[in-house]
Every structure is written in structure tokens, then in C-alpha cells.
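Each reported figure results from applying straightforward, stated rules to the coordinates on display, with no laboratory input. On a predicted model such as this, the values are computed, not experimentally measured, just so you know. All Cβ positions, glycine included, derive from the backbone under ideal geometry; neighbour counts span all protein chains shown.
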Amino acid sequence: MAYSLAELAALVGGRVEGDPERAVESIQTLAAAGPRDLSFLTHPRYREQAAASAAGAILVGPGAPPLQADLLVVGDAAQALARLIALFHPPRRPAPGVHPTAVVGEGARVDPTAHVGAYAVIGAGSDIGPGAAVHALAVVGRDCSLGAGAVLHPHVVLYDGTAVGERSEIHAGAVLGSDGFGYASAAGRHTKIPQAGRVIVEADVEVGANATIDRATLGETRIGAGTKIDNLVQVGHNVEIGEACILCGQAGIAGSTRLGRGVVLAGQAGVGGHLTLGDFAQVAAKSAALSPVAAGVKVGGIPAIELGKWRREVVLRGRLEEMGRKLAELTRRLAALEERLGAESEED
Amino acid sequence: MAYSLAELAALVGGRVEGDPERAVESIQTLAAAGPRDLSFLTHPRYREQAAASAAGAILVGPGAPPLQADLLVVGDAAQALARLIALFHPPRRPAPGVHPTAVVGEGARVDPTAHVGAYAVIGAGSDIGPGAAVHALAVVGRDCSLGAGAVLHPHVVLYDGTAVGERSEIHAGAVLGSDGFGYASAAGRHTKIPQAGRVIVEADVEVGANATIDRATLGETRIGAGTKIDNLVQVGHNVEIGEACILCGQAGIAGSTRLGRGVVLAGQAGVGGHLTLGDFAQVAAKSAALSPVAAGVKVGGIPAIELGKWRREVVLRGRLEEMGRKLAELTRRLAALEERLGAESEED
Amino acid sequence: MAYSLAELAALVGGRVEGDPERAVESIQTLAAAGPRDLSFLTHPRYREQAAASAAGAILVGPGAPPLQADLLVVGDAAQALARLIALFHPPRRPAPGVHPTAVVGEGARVDPTAHVGAYAVIGAGSDIGPGAAVHALAVVGRDCSLGAGAVLHPHVVLYDGTAVGERSEIHAGAVLGSDGFGYASAAGRHTKIPQAGRVIVEADVEVGANATIDRATLGETRIGAGTKIDNLVQVGHNVEIGEACILCGQAGIAGSTRLGRGVVLAGQAGVGGHLTLGDFAQVAAKSAALSPVAAGVKVGGIPAIELGKWRREVVLRGRLEEMGRKLAELTRRLAALEERLGAESEED
């Protein structure tokens, strides 16, 4: 199956620079692409690789440099790339039906258009919506719900009462609804505070492999619609995450913290408990936000401070050696002056 | 089912300020509670929310401010909260018995009061104690033991030889007994050092979702009684953790390190290998203890130093720009003096 | 079964200092070993423990101190230890054959010498090589391949198209081939970029428990032969890792980054996206490499800089208080000089 470059341009609302009849059979990386492939240049750091690529055609955004290949020029190269990969690699939908080995609890409802895989276990009273998929060996506790088109990959575990919204996708090994980490400590003993709340994942959320989201002590831990969570992220009990946030790999959020809309936590970032991060706040990679962050503010460092200030600190830290030398030199010169003036004084 | 506030006070050894006949039907967060609910104020940061809450009654510790709601005043609000949540949300005990799909290996003993869920796999020679629960799809290797009342949530994996003590609870996806990370490296090749030891988890331990605890190379990796481990924590081979420690989310401990009793690792903290942390030592969030920590000492930073010193460093780091300016100013003023005195000298 | 010390020496190419007829029945830690056990001293930090050990014999490298015990002296104690533990604890090979409860998809090939455990699920078109093991409840997607002798521990998940090389061992709960974290963001919405590539794990790789390795957007995420990856490590999409690298616990690598051969990431280290780390580069524990690292260079800190420079920074940070004091003192002394000279000027 091949498309002409002009057809692809029409599909993504772009224009062709070069041969509109160029036949495209697949989409490939710059390194792997050949004359019958489309590749893409979505970041300037790959310009040299694009110039050296054997790709017949390259998808680019506005202002891209001239290249050997025919160009498919669009306003937003990342959006067009998403569309074109989906064209060449249409998602595989699992067949509707419940595998004969799946265990479905009493009173659970599985929509006839949903897929339930081998050895999946669905607890009593749960509700699996139209077109949803519970893949092999996933566990859905009691009284859970899966919205239309939601997907649980193999080995996902939903504890009792967890709700996953429409079209949300939970990757393999993720655990939603495990007990929050709460103890009443006295006399060297930690008494468990029962965790009686639940986890609500709204629509269009993605949760990465082996990520963990704890149930609330009471009430809800909530993940807002359209939020994307990467692998091995930890979300503590009673956390509330707004819409369209981005939580990168291995980030963590301690209990009862609230993130506004569009908040970004970069890789391995941490956020302390009982804090509020305003809309569109950002925490830099490997940083730890241990106090509230106002809307729109970017922070970095441990503990995190305003990002520009942190960057200056990093530069200044690098000058500590030089500062120490200058200080020693000033000390010497000042002592010399003092000695000389002391001598002069004696001469008086 | 409703309780009077006086009944609840009797249960937790507290007293009522307000109407002892106040009927309480459930326990809720400050935001969700209504007139027939009890809520709680366990931290001053929530005072305003407590004042604004519609809760009919609020559990408080000593010295709490006056509130609109009737008060249930106790000596330790967190302990009372634990008791009261358990009252309104009694834990669900899984029914005794082995699910017909569970695979139980040769010579394994499952107490008749224990629960073994669907598709759980129990290895030869293992021993599941009275009232213990092996939930759906959990894997117990060969020659493991589960003490009375211990719980393995779905998808827990115990490698061969792992012992889990009485009443300990292991959350979904946690892996106990995986091979330690040990290689003999020479000439650019890493030869695996077989990991022939085991993991011992003592009584009343809790291990969080997707946490990992490696088996010892030889001997034991040991988690002391009453220790609580949060999600995604990593414990290396041959680590020995004392009693009643607290390891918060995403913390990690490298191999052969020993933690005393009551040690606290805050979120995302790390501890290097072959170290000793004394009783009640604490490592701050996002910090890395790379040298031994004496008993009772709190450390922070990377590498971690005494906490007070680290906090001063953080403050001083924030003054680097100012220090640089002062240094430049002193340099100017000193040069001016030197120039003037040089001139004076010439006048002599 | 007992060996004489002389037999063990012959096996590992070492020599005996002491009684070559010493009978050795097992290998134990220094603390646990008795007169009929061999123990080992592979690091000077355990010299005191070795001196106090009741072990009948101790394995040591060249230049070890004299000890009470008979010594087995070798050129490389770690390599000999690996060999000797394997001798006393031979690895248990699971029996060939497919458990009757395993689900094997259409067109999948399982070598008759391979082991497939209870409730394992193998997707259509996959290929399980000779002597390979797919343990209980592991999931192999469609069109995957497992090389000869490769091992998937319980609950491993391979997404479609993943290849695992000969003798590679994937520990429990690890997820290979989950979707990379890629979105096209516009107008506050994150559109998923389909992740259509795959994961290739070459031969002799070890992947730790609950580690995650994402599939490429297009093309491959690749783990080089002989590389060892510890628990809870995250490897982003399109990452390419060279041969014989070491990635310690909870380390993470963002997307499209390339590691050369023999690279070491210490515990909880992070590496940014789209970077290159040259052969034998090393990132210190808890550090974040956010720019490229040249071959052979060791870096530390956040952001990571050359290791020696970072260590000096750490020392200098510890002197900030003293620098502040010196600066204040110089300011006072300079002001005193200025005042005096001002006075002297007036006297003129």
C-alpha cells in the first residue's frame, strides 16, 4: 500500500516542496528511511541527520532548511507525525468477547463489545464499558468501572472501587488504588491508618508501565482528563491532578498535593506532600518542589526555586573556586596595605 | 448504622466538646463531610478548611482551635483516626479456601483458613499460614512461607525461599527475592555472581506496590518487624533493615547496607552500599546518604550532610550572587586605596 | 557433598595458604561461616570482619592480609566467588514442556526443550527458543522472540514484537515494549504519537525486577549484549544502549539517548533525552547528565559536570559559611582603612 506525497499532504493539511507524486510506502526514522519512505525532522538537533538521510520524503515544520529529499511542509510537524504514524501503523483492536479462562465476578457487567483476555480477573459488581479492553492477566477489583474504549494492558491491577475513564490507557504492571502510605506513629510503633478512599482516573489519561497511584485515605485520589503519566511514576494518596498534566518517568508526588491544569513534572522530579502547584507550573528534571509553586512558574533544584534563579546558582556554584582564590588574594593585598600603613603610622 | 459522638469518644478514649448525642453515620474529608459525618483535623495547615467544613463533628488533638462543629478531642488524633476509619470501613477479609484454578505445588501446605485466589501459583514446599491471603495471580515460589494473617495482593511475586512474617501485607506487583545486582567484571565482561541467599520479611511489615527487594548473594536480606515500605522502593541484596523503619516512595538502598531501628528515608532518598545508618537516623527527601549516619542524626543533600548544615548551605547558595557582587565591590575599593597610596608613596 | 580446599583452588586457578585438605561443605558470609565453610573477602572494608570470622577457609585476592582461616588465594576474587557460588548453588533449570494451563497463540513456536509455566500467555507468531523459560503468568505478546536459554521470570510482560536474546534473563514484573512517552501538544491538549517501533534486547542481558523499557516510536529501542540493568530502571523510547553497560537501581534514561559501550549509571542517576554518552562514560549516583558526556569521562552532580570538578564544588559548598565570614571581615577591615585614610587625608 503506497500513498503519493500529495495524498499525505492533503491528509495532514500540508504542502509538498518537490515531487507531489513521490510514492511513500512507510514511515521510518531518518537513519532507516530509504527512497520509498517518509521520515521526519521535528527538532533542529537532527538537521544534519536529515541532510544525510536517504529518505525519499521528509516531514518538516515551517522554516525547515532545504534538504535533498522531497519535503512535506506542515504547520505543526509533531501533530502531523502523530497522524501519519497512525496511518501506516493502525492500532490493533482486540476482538470483542470474554476469554473462556477469564474469571468474572458476581454482578459484574461486561459490555458485549469489550475484550477480556486470558486469565483476567474481574471482581464482583464491576462494569466494563463498550469497546474497553482488559488484557490477559489484568486484575479488576470489586466495584470498579472502565469507561468506553478504556484499555488495561496485561498485569494491570485495579484495587476495589477504582474508576478509569473513557479512552484512558493503563500500561502493563501499573497499580491503581493500592493503599496510601499513612500511619499513626507513637512509641516506636506505626499503626496503619486504613485507606478507605478510591482512585478516579478521568477520560483520555495514559498511565505508564509499573506506575503506582494510591487510593485516598478517605475521598478520592483523582487524575484529571487528558493527563499523561509515564513509567514508574508514583502518585500518593489524596493527590489531585488537574487536566492535561505531563508527569515524566520516575516522577513522584507525595500525599494530598494538588496540581492545577497543564502542570509538567520532568523526569525524576519530586513534589512534597500537602502542596499546591498552580496551572502550568513546571518542575525541572531531578528537582524537588518542597513548597507551593504559583501558576505558570517554572522551578528547579533541590529544594526547587524559580528556574532562572536556580540556573544562576548553578553557574555561580561553578565559580566557587575562583571566588575562593579572589578572596584569598584580597586578604593578602589588604594585609599588605594594613602592614604598610601600620608602618607609616609608626613613622608619624 | 450511626454512632453517637459520645460512643465514638468512648471508643478512642476522648471527650466531646459540644453535643454528645450528635449522630455520626460516616467519616469523611473536611471538604466532603456534612452534618451527619465526622471529619478530622490532624495538622494545623488544615485549620481554615476545618473552620469552613460542614462536618457535624470533627476529631481534633489537644490544643485545637474552637470550631463550629462539635469536637471529639483526643490525645493523639492520628491514632484515633486510624481506629475510627477502621470502625466505619471494616477491612474485607477474603473467604477461606483455595480457588479451583490456583496451582498448588507438591508438598505445599495451605492452612484451611487461608485464602488462595484465582490463578495464584504456589510453589512446591511452601507454607501458607492460618488466615493468610494469596490474592489472584500472585506467585509464591518454592519453599516460601507466609505467616498467619499475611497478605499478598494480586501479582506479588515471591522468589524461592522468601519468608513473609505474620500480618505483613505486600501490595500488588511487589517483587521479593529477585536476584541481587552483583557481577564480577573483567575485560569488559560482567560475569553474574549467582544470588543464592533469600529474603526474610518479619512480622507487621507493609511493602508498597511495585516495590522490589532483592535476595542476598549468600545469607539474607532482612526487613525488620513493623517496618513500612512505600511504593516503588528498591532494597538491594544483603540489606538489613531494623524494626519500625519508614521508607517513603521511590527511596532506594544499595547492597549490604544496614539500617538500625526506626530509620526514616523520605521520598526519593537514596542510601549507598555497605553503609550503616544508626537507630532513628533520617535521610531527607531527594537526598543521598553516601557515608555512614550515626544514630539519631538527620542528614540531607547530595551527598548528604548533617541536616542543619545542609539547610544553611541551601541558604548560602542563594546568596552567591550577592557574595559575588560584594567581592567585586571590595576588589574595586581595595584597588582604589592601593592606587591612592601608591600615589602618596610617590609623593614621599 | 564436601570439597577439599585444594580441589576448589584447582577449580578457580588459585593456590592454598594453609591446609589444602580442609573440607569445605558450603559457602557462607563472613558472619555466618563456620569451620566447614568457605567465606570470602573481596573488599578491604570487610578485613576486620574477616579477621573475626569463624570460617574454616576464606577466598581472597592478591595482597590480602594474613588471617586465622586457611586462605584460597586467587588473582580475581570476584570471578572466583561467582564460580564457587555456582558450584555450591547450581542453578535450578525448569523442566522442559508447556504447562497445560498456558495459552499459546496461533502460529507460535515453542521449542520442545523450552519451559512454559502455569498461566503463561504467548501471543500469535512468537518464537520461544531452545532451553528458554517463560515462567508462570508471564506474558509474551505477538511476534516476539526468545533466544536460546533466555528466561522470563513470573509476570514479565513483553509487548508485541519484542526480541530477547540468547541467555538474557528478565526478572519478575519487568515490562519491555510499553509505549514510549510521546505526545504532540497544542492548545492544551496532548495528542498521542503512536509508538510503532519495538524493543530489541541482545544476548546475555539481565533486566531487573519491575524495570521498564519502552518501545521505539519508529525503529528500535536496543539494549546491547552483556548489559546489566537493575530493578526499577526506566529506559525511554528509541534509546540505544551499547554492550556491557551497567545501569544501577532506579536509574532512568530519557528518549532517543545513546549510550556507548561499558557505560555505567550509578543508582538513581538520570540521563536526559537526545544525548550521547561515549564509551565507558560514568554518571555518579543521584546525578543527572543533561548534556553529552565524552568517552571515558565520569560526571556527577545536578546538572552533572566532570566528577573531579563536582567533588571540588561539594567541598567548596561546605565552605560557604566560612567564605561569608571572611568576606564580612574583609569588608570591615577595608572600611576601617578607608576611614583612617579619609581622616589622614583631612589631616593633610
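Applying the Karplus relation 6.51 cos²θ - 1.76 cosθ + 1.60 with θ = phi - 60° to the range B:323-329 yields 3J(HN,Hα) values of 4, x, 5, 4, 5, 5, 5 Hz, where x marks Gly and Pro.
Dipole orientation for the range C:232-348: of the candidates C:L307, C:V264, C:A336, C:V264 has the Cα lying most toward the positive pole (charges on Cβ; Lys, Arg +1; Asp, Glu -1). Loop-resident trypsin sites (Lys or Arg not before Pro) (DSSP state other than H, G, I, E or B) in the range C:54-131 with no more than 15 further Cβ atoms inside 10 Å of their Cβ: C:R92.
Most simply put, the range C:3-88 has about 35% antiparallel DSSP beta bridges, counting only bridges with both residues inside it. As a proxy for reagent exposure, C:L330, C:L337, C:L41, B:L137 were ordered by neighbouring Cβ count within 10 angstrom, fewest first; the result is C:L337, C:L330, C:L41, B:L137. Modelled spin labels at A:D111 and A:A52, positioned 7 Å past Cα toward Cβ, are 4.9 nm from each other. What does the charge add up to near A:V16, with Lys and Arg as +1, Asp and Glu as -1, over the other residues with Cβ less than 14 Å from its Cβ? Within the 14 Å Cβ shell, the charges total -3.
Spin-label pair A:E321-C:R45: with each label point 7 Å from Cα along the Cα-Cβ axis, the two points sit 2.7 nm from one another. Near A:G272, within a Cβ-to-Cβ distance under 13 Å, what is the net charge of the other residues, with Lys and Arg +1 and Asp and Glu -1? Overall, the nearby charge balance is +3. Per-residue 3J(HN,Hα) values for the range C:184-201, derived from phi via the Karplus relation 6.51 cos²θ - 1.76 cosθ + 1.60 with θ = phi - 60°, read 9, 9, 7, 6, x, 10, 10, 8, 5, 8, x, 9, 9, x, 8, 10, 10, 10 Hz in sequence order (x marks Gly and Pro).
Stretched out straight at 0.36 nm per residue, the stretch from C:E338 to C:E25 would grow longer than its current Cα-Cα span by 104.4 nm. Each 10 Å bin from zero up to the one holding the largest Cα-Cα distance in chain B carries the following percent of pairs: 6, 19, 19, 21, 17, 8, 4, 3, 2, 1, 0. For chain A, lysine pairs with C-alpha atoms less than 20 angstrom apart, excluding pairs fewer than eight positions apart on the same chain, total 5.
Comparing mean-square fluctuations of A:G177, A:G61, A:G165 from a GNM of chain A with C-alpha springs under 10 Å, the top value falls on A:G61.
Once each of the GluC sites (Glu not before Pro) sitting in a DSSP loop with at most 16 other beta-carbon atoms within 10 Å is removed, chain A keeps A:107-348 as its longest stretch.
When the charge dipole of the protein assembly as shown is built from unit charges on Cβ atoms (+1 for Lys and Arg, -1 for Asp and Glu) and taken about the Cα centre, the candidate among A:T113, C:T191, B:H135 whose Cα reaches farthest toward its positive end is A:T113.
Equivalent-ellipsoid semi-axes for the protein assembly as shown (Cα gyration tensor, √(5λ), whole Å, largest first): 47, 37, 37.
Take the Cβ atoms of A:A148 and B:A86, set R0 to 41 Å, and the FRET efficiency comes out at 0.65.
Residue-wise HN-Hα couplings along the range C:205-222, as the Karplus relation 6.51 cos²θ - 1.76 cosθ + 1.60 with θ = phi - 60° gives them from phi, are 8, 10, 10, x, 4, 6, 6, 9, 10, 7, 5, 6, 4, 9, x, 10, 8, 10 Hz; Gly and Pro carry x.
Using C-alpha pairs under 8 Å with a sequence gap of at least 6, the mean separation divided by the residue count of chain A gives a relative contact order of 6 percent. Calculated translational diffusion coefficient of the range C:82-128 (25 °C, 0.890 mPa s; Stokes-Einstein with Kirkwood radius over alpha-carbon pairs) equals 202 µm²/s.
For C:L275, the residues whose amide H sits under 5 Å from its own are C:T257, C:R258, ignoring neighbours fewer than 5 places away on the same chain, with H placed 1.01 Å from N. Each Lys or Arg adds one and each Asp or Glu takes one away; over the other residues whose Cβ falls under 13 Å from the Cβ of A:G131, this sums to -1.
Between helix B:307-317 and chain B there is an angle of about 50 degrees, using the helix long axis and the longest principal axis of the Cα atoms.
With both residues required to sit in chain C, DSSP beta bridges show an antiparallel share near 15%. Dividing the helix sum by the residues of chain A, where each DSSP H run of 4 or more adds -39500 (n - 2.57), gives a mean residue ellipticity at 222 nm of -6000 deg cm²/dmol.
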